[in-house]
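Written out below as structure tokens is the structure these notes cover.
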Amino acid sequence: MKNRLLTLACGTLFLASCSDKPTTHTKDTSAQKPSSEVAQKKVTELPSRISFNEHIQPILSASCYHCHGPDSGTRFPEDEPLRLDQEKGVFSVRESGKPVIIKGDPDNSFLLQLMESPDPDVVMPPHPSKSPHGKIMDPSEIAMVRQWIKEGAEFEAHWAYIAPEKEPLPAIQSKDWARTPIDHFIASKFEEAGLKPNGDQDKARLLRRLNFDLTGLPPTAEEAKSFLNDKRDSETVYQEKVDQLLKTDAYAEHFSRHWLDVARYADTHGIHIDNYRSIWPYRDWVINAFKSNMPFDQFTREQIAGDMMPNATIEQKIASGFHRCLPTTGEGGAIAEEYDVIYAQDRVDTTSSAWLGLTAGCAACHDHKFDAISTKENYQLTAFFRNTTMTALDRNSATHPPNILISTDEDRTRYENIDKDIKTAEEAYKKYKSEHETQFQTWLKSEKKTDNSDVAKDALVMKLQLTSKSKGLVDTSGKTYKSKKPLEWVSSPDGEAVLFNAQNNINLGNVGDFENDDHFSFGAWIKNPGKNRAGIISKMDIENSYRGYDIYAENGKIAVHLIHAFPQNHVKVTTKKALPDNEWNHVSSPTEDRRKSGA
């Protein structure tokens, strides 16, 4: 991971200074011997093997890459630019007839001669007295470069492209101290630094450290007491405690936090007014993945493309929520096309850093200066994330589409079967309707009026029969209502009936106070008022944007309003045909969840 330091700014090296007027040195100084003052200076002991990625590239990055690195805009000399970040540039024969580095021959390598030169006019990077970007290299760095060249100046691919290999255990003196393979590497570094490890910690502190490492929480008093009083072999007790903690929810939640940071998880959208985002099932999926010790290849595939896997399960679809954790906006002034690009780049950046070990985002503006990604390749990667149906603007919605309904574990089986149950019920309904259609039409033509109150008895909220002046305004439950003015009664086919005018109505109070997700029906028997406009049933909050519902006659037709806020959010439905004049008709409006129609 040390190689990530390569993104730091750096100085200059070889053939040119970084001053406004670079001076090109064409004289070959290969016959000059390294300065004894530099060569004989004591340096720290060098590693047994010099690695380009671990040891050399950080030195070249800090001292040379500004003028001889990946940035073509600052590269020198102009007539024969030199690149020290690429093997081809280092070993290509130059105008002098030689490459700047000769493998295995540091004394005749021009690069090292310039580094070791005592002449302020020749040394590279430029001497501080000659350039504002100048610096004096540490002798240990020069010794590292010399040893690397002597070993053959082997370059390495970007560390992210090198498959990890199991290293042999280093030889150590304190063999009795090392209990596990990793202890050998720790002991080796201790011995190199002349240090000795501390003795074993007491059991109480060891338990505390273990708990914090695996769960982020201290042990309880009961857990500490049980651990300290266990008289069995301490190694056995310790291993059992490790296994126990690895099975806890606390362990899964603790380690999930780190991954959720990588996934940029949040319960809000992140931009604009930062509204709530309902994406917690993905968080729970990550926790369950750690708790079940999910294999990393499965952990990877399901988050990258779980929804695209053959016969994807609901859990695999949830896993792809990794790509929905990005910050989004619902701001009115945002340009959708611009944010589509921003979102695709965000997904490339996150996927690249999480799984590829690369910082792809730099290539959004220019070819990457350190990671092997061109600008073209970066935008080729974004293409994989441009096939979503997700709109750029989230409308501040907690369930910004596309989304899926996640049932609880208890309801999962029922939810999986409910579509079949609905289909069975629909087929039964169609069969019943077909078998009884002739009977229904015969009844319909008979003009008989049947009281079917018992059919809906359990669901009936209120039934008010306006057919008897003597009985008055009393519903079937015995509740009495009042009219605004005395009612006018007239005769009708079923007895008496109320004749309404614009100045009169019956107040039903809070009856019919439904929510927008309730299913309900309302209706009445009426004699068509012709071309007049007349309200039949109305339940509205006039001061609150007319929120509510009504059914009324309009130019001989029947209309229904379902209103959340008038006029910007409402539904109005009107019959296509007008009712016959001077005839009695039953008008009714069944409703379902009004949210489905936006009201």
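Of 83, 49, 533, which has the most accessible area with a 1.4 Å probe, and how do the rest follow in descending order?
533, 49, 83
Provide the packing ranking of 576-585, 517-526, i.e. peptides ordered by the mean count of other C-beta atoms within 10 Å per residue, highest first.
Going from most to least packed, we get 517-526, 576-585.
For the chain, what does the helix formula give at 222 nm: sum of -39500 (n - 2.57) over DSSP H segments with n ≥ 4, over the residue count, nearest 500 deg cm²/dmol?
Using -39500 (n - 2.57) per qualifying helix, the result is -9500 deg cm²/dmol.
Enumerate the lysines that residue 189 could reach by cross-link, defined here as Cα to Cα under 22 Å, with residues fewer than 8 away along the same chain left out.
Correct list for residue 189: 2, 42, 166, 175.
I'd like the FRET efficiency for residue 297 and residue 462, computed as 1/(1 + (r/R0)^6) with the beta carbon distance as r and R0 of 56 Å, rounded to 0.05.
0.35
Can you work out ³J(HN,Hα) from phi for every residue in the stretch 381-396, in order, using Karplus 6.51 cos²θ - 1.76 cosθ + 1.60 and θ = phi - 60°, giving whole Hz and x for Gly and Pro?
Each residue's phi maps through the Karplus curve to give 5, 4, 4, 5, 10, 9, 9, 7, 8, 5, 6, 5, 9, 7, 6, 6 Hz.
Got a sec? Which residues in the stretch 337-367 would a label at residue 383 touch, if it sits 7 Å along Cα→Cβ and we count backbone N under 19 Å?
What the label zone holds, given the 19 Å backbone N cut-off, is 340-349, 351-352, 360-361, 363-367.
Based on the Cα atoms of the stretch 317-382, what semi-axes does the equivalent ellipsoid have, where each is the square root of 5 times one gyration tensor eigenvalue, given in whole Å with the largest first?
22, 17, 8
How far apart, in nm, are two points set 7 Å out from the Cα along the Cα-to-Cβ line at residue 103 and at residue 470?
11.9
Would you mind checking which residues have amide H under 5 Å from residue 329's amide H? H placed 1.01 Å from N; only 5 or more apart, or other chain.
394
Mind putting together the pair-distance distribution for the chain? All Cα pairs, 10 Å bins, whole percent per bin, short to long.
Binned Cα distances yield the sequence 3, 10, 14, 13, 14, 13, 9, 7, 6, 6, 4, 1, 0.
Relative contact order of the stretch 250-384: what whole-number percent is it, with Cα pairs under 8 angstrom and at least 6 residues apart?
Answer for the stretch 250-384 is 20 percent.
Give me, ordered by chain and number, the residues 5 or more places off residue 109 or on other chains with an amide H under 5 Å from its own placed amide H.
Residues meeting the criterion, in which the H sits 1.01 Å from N, are 102.
So if each residue of separation counts as 0.36 nm, and I subtract the Cα-Cα distance between residue 372 and residue 422, what length gain in nm does that give?
Extra length available between residue 372 and residue 422 comes to 12.5 nm.
Provide the FRET efficiency to the nearest 0.05 for the residue 446-residue 543 pair, computing r from the beta carbons and using R0 = 51 Å.
Once the sixth-power term is evaluated, E becomes 0.60.
Please give the per residue accessible area of the stretch 301-436, computed with a probe of 1.4 Å over protein heavy atoms only, in Å².
Accessible surface, normalised per residue, equals 62 Å².
Nearest 20 debye, what's the magnitude of the dipole of the stretch 55-161 about its Cα centre given +1 on Lys and Arg Cβ and -1 on Asp and Glu Cβ?
60
Using only the alpha-carbon atoms, how far is helix 296-305 inclined from the longest principal axis of the chain? Give it as 0 to 90 degrees, nearest 10.
Helix 296-305 sits at roughly 50 degrees to that axis.
Ordering 410, 235 by how much accessible area each has at a 1.4 Å probe, largest first, what is the list?
From most accessible down to least: 410, 235.
Under the Kirkwood approximation applied to all pairs of distinct alpha-carbon atoms, what is the hydrodynamic radius of the stretch 383-453 in Å?
17.8 Å is the Kirkwood radius here.
At R0 = 51 Å, how high is the FRET efficiency between residue 568 and residue 480 if r is their beta carbon distance? Nearest 0.05 is fine.
Given R0 = 51 Å and the Cβ-Cβ separation, E is 0.85.
As I understand it, the value is the acute angle between the Cα axis of helix 139-150 and the longest principal axis of the Cα atoms of the chain; what does it come to in degrees, rounded to 10?
Computed tilt is about 80 degrees.
Consider a paramagnetic label point 7 Å from the Cα of residue 534 along Cα→Cβ; state which residues of the stretch 495-511 have an amide N under 15 Å from it.
So the set is 497-506.
Quote to one decimal, in nm, the extra length available between residue 430 and residue 355 on full extension: 0.36 nm per residue of separation minus the C-alpha distance between them.
Contour length minus Cα-Cα distance gives 21.6 nm.
Of the cross-linked pairs 482/539; 423/572; 482/557, which ones have a Cα-Cα span greater than 24 Å in the structure shown?
423/572; 482/557
Specify the angular offset, from 0 to 90 degrees and rounded to the nearest 10, of the alpha carbon long axis of helix 203-215 from the longest principal axis of the alpha carbons in the chain.
60
Suppose each label sits 7 Å from its Cα in the direction of the beta carbon; what would the residue 502-residue 488 distance come out to in nanometres?
Roughly 1.4 nm, to one decimal.
Sorted by packing (mean other beta-carbon atoms within 10 Å per residue), highest first, where do 394-400, 194-200 land?
Listed from highest to lowest mean packing, they are 394-400, 194-200.
For residue 54 and residue 217 in one chain, what is 0.36 nm times their gap in residues minus the Cα-Cα distance, to one decimal in nm?
The span from residue 54 to residue 217 would gain 55.1 nm if fully extended.
Between residue 200 and residue 96, what is the label-point separation in nm under the 7 Å Cα-to-beta-carbon projection?
With each label point 7 Å from Cα toward Cβ, the separation is 6.1 nm.
Give me the net charge for the shell around residue 338: Cβ to Cβ below 15 angstrom, other residues only, Lys and Arg +1, Asp and Glu -1.
After counting each charged neighbour, the total is -4.
Express in Å², to the nearest 10, the accessible area of residue 66 obtained by rolling a 1.4 Å probe over the protein heavy atoms while all chains stay in place.
70
Using the per-residue mean of other Cβ atoms lying within 10 Å as a proxy for protection, in what order, highest first, do the peptides 557-569, 140-152 fall?
140-152, 557-569
The values are calculated or read from the model by the stated rules, or taken from the named source; none is laboratory data. Just so we're clear, the structure is a prediction, and the values are computed from it rather than from any experiment. Note that each Cβ is placed from the backbone with ideal geometry, even for glycine, and that neighbours are counted across all protein chains shown. The accessibility values were calculated without ligands, DNA or RNA, using every heavy atom of the protein model including side chains. Shrake-Rupley method; radii C 1.70, N 1.55, O 1.52, S 1.80 Å.
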